[in-house]
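The values are calculated or read from the model by the stated rules, or taken from the named source; none is laboratory data. Computed from a prediction, not measured in an experiment: that's the story for all the values here. Methodologically, a virtual Cβ is constructed for each residue, glycine included, from the backbone with ideal geometry; neighbour enumeration extends over all protein chains shown.
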Amino acid sequence: MIINFKSLDDGLSLLMKRPKKKPDAFYGKANRLAKKLGVEITIEKNQDYGNGYWIETDAMQDERFSSSWEDVYYKLRAIEENE
């Protein structure tokens, strides 16, 4: 029985790679809208619970913190509609 170590190494290297993360569809939308509105988004990094996002603006009084880019985007849309 002949073992081809090259193909075995290739197969194992595929198994050991980290899966590619898909970018969040709302990340770009939220950043573009924030730039358009002149609003800064601060990212609070947390490896245990996931990142948090602060919307830095006086245009909203409550709920400036978001836990997803989707939530950030919809809050920015609400600010845009109220302008």
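Things worth noting here:
- Residue-level analysis places residue 42 among those that are farther than 17 Å from residue 77 by Cα and not aliphatic (A, V, I, L, M).
- Residue tally, condition assigned to a helix (DSSP H, G or I) and either free of Cβ contacts under 8 Å to residues at least 40 places away in the same chain or under 22 Å from residue 45 (Cβ atoms) (or both), over region 65-83: 11
- Considering residues of region 35-58 that are hydroxyl-bearing (Ser, Thr, Tyr) and surrounded by 10 or more Cβ atoms within 10 Å (Cβ to Cβ) only, the residue modelled with the lowest pLDDT: 57
- All of 64, 32 fail the test of being in contact with a strand residue (DSSP E or B) (Cβ under 6 Å, 6 or more places away or on another chain) and modelled with pLDDT of 70 or more, apart from 64.
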